[in-house]
1. Quick check on my filter: what residues within region 68-83 are open to solvent by 50 Å² or more (accessible area, probe 1.4 Å) and touching a residue at least 40 places away in the same chain (Cβ under 8 Å)?
2. Got a number for residues in region 118-132 being in a strand (DSSP E or B) and in contact with a strand residue (DSSP E or B) (Cβ under 8 Å, 6 or more places away or on another chain)?
3. What's the total number of residues in region 43-65 that are under 23 Å from L6 (Cβ atoms), open to solvent by less than 50 Å² (accessible area, probe 1.4 Å) and more than 13 Å from the chain's Cα centre (by Cα)?
4. Assigned to a helix (DSSP H, G or I), over 19 Å from Y147 (Cβ atoms), open to solvent by 70 Å² or more (accessible area, probe 1.4 Å) and not aromatic (F, W, Y): is that true of L13 in this structure?
5. How about region 150-179: which of its residues are farther than 22 Å from G91 by Cα and of a type in the set (A, V, I, L, M, F, W, C)?
6. Which numbered condition trips up I97, out of (1) loosely packed, with under 12 Cβ neighbours inside 10 Å; (2) among the β-branched types (V, I, T); (3) in a helix (DSSP H, G or I)?
7. Scan (1) under 19 Å from I27 (Cβ atoms); (2) open to solvent by less than 60 Å² (accessible area, probe 1.4 Å); (3) under 16 Å from the mean Cα position of the chain (by Cα); (4) not aromatic (F, W, Y) for the single condition S103 breaks and write down its number.
Amino acid sequence: MNQHTLGTTTRLLHWLVGLTMLSLITIGFYMVNLEAWGLYPIHKSLGVLALLLILPRAIHRVRQGFPKPVAEMSVTMQKLSHGAHWLLLLGTLLMPISGMLYSGFGGYGIDIFGLILVHENIVNDEVVAINDHIFIVAKNAHSLIGYALSALIVAHIGAAVKHHTIDKDATLRRMLGKA
């Protein structure tokens with residue numbers, strides 16, 4: 001394997017986490033903007049399960065390090081790229097964690113398609129937060145991370161398209177297993 005080839009595990013975890021996060025963010029925006037509250041159980045379940053992909057990806061990425069660029073880049077662009085990749089990794093970790101804290105401490109409970117991990121906190125037929133402070137911080141963090149992560153994902157996709165169409169280098173082909 002040459003220095004520009006990425007292993008199957010790296011590519012598989014990248015695409016699984018990427019598509020999972022895109023799906024969850026899309027569902028999240030849809031739920032909130034169209035008040036489609038019936039999607040919350042699906043969103044929450046998939047968010048919890050996403051950690052089963054995100055944690056191995058984060059561990060794998062930290063152990064392997066970030067891939068070397070396939071083409072020459074300025075020092076500034078290398079630093080921007082490296083920083084963006086770290087933020088993407090951190091954002092994918094913090095998004096489900098903040099969602100779980102939001103739901104759990106907000107009294108809404110945490111479950112995976114009906115398998116209860118944390119029970120709802122119902123008092124007099126109303127959901128009551130277990131800890132208002134953590135609930136509010138986690139709720140705001142979940143929203144802010146969602147917007148920031150969305151912007152980073154758009155930039156990441158844009159950079160991949162730029163590498164492929166303008167720079168005509170092997171960056172995208174490498175992530176597709178074709179380099």
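1. Of everything in region 68-83, those that are open to solvent by 50 Å² or more (accessible area, probe 1.4 Å) and touching a residue at least 40 places away in the same chain (Cβ under 8 Å) turn out to be K68, P69.
2. Result for region 118-132: 1.
3. Selection size over region 43-65: 3.
4. Working: assigned to a helix (DSSP H, G or I): yes; over 19 Å from Y147 (Cβ atoms): yes; open to solvent by 70 Å² or more (accessible area, probe 1.4 Å): no; not aromatic (F, W, Y): yes.
So L13 fails the test.
5. I166, A170, L176, A179, listed by residue number.
6. Unmet for I97, out of (1) loosely packed, with under 12 Cβ neighbours inside 10 Å; (2) among the β-branched types (V, I, T); (3) in a helix (DSSP H, G or I): (1).
7. (3)
The values are calculated or read from the model by the stated rules, or taken from the named source; none is laboratory data. These figures come from a predicted structure and were not determined experimentally. Cβ sites come from the backbone with ideal geometry, for glycine too, and all protein chains shown count toward neighbours. Only protein heavy atoms, including side chains, enter the accessible area calculation; ligands, DNA and RNA are left aside. Shrake-Rupley method; radii C 1.70, N 1.55, O 1.52, S 1.80 Å.
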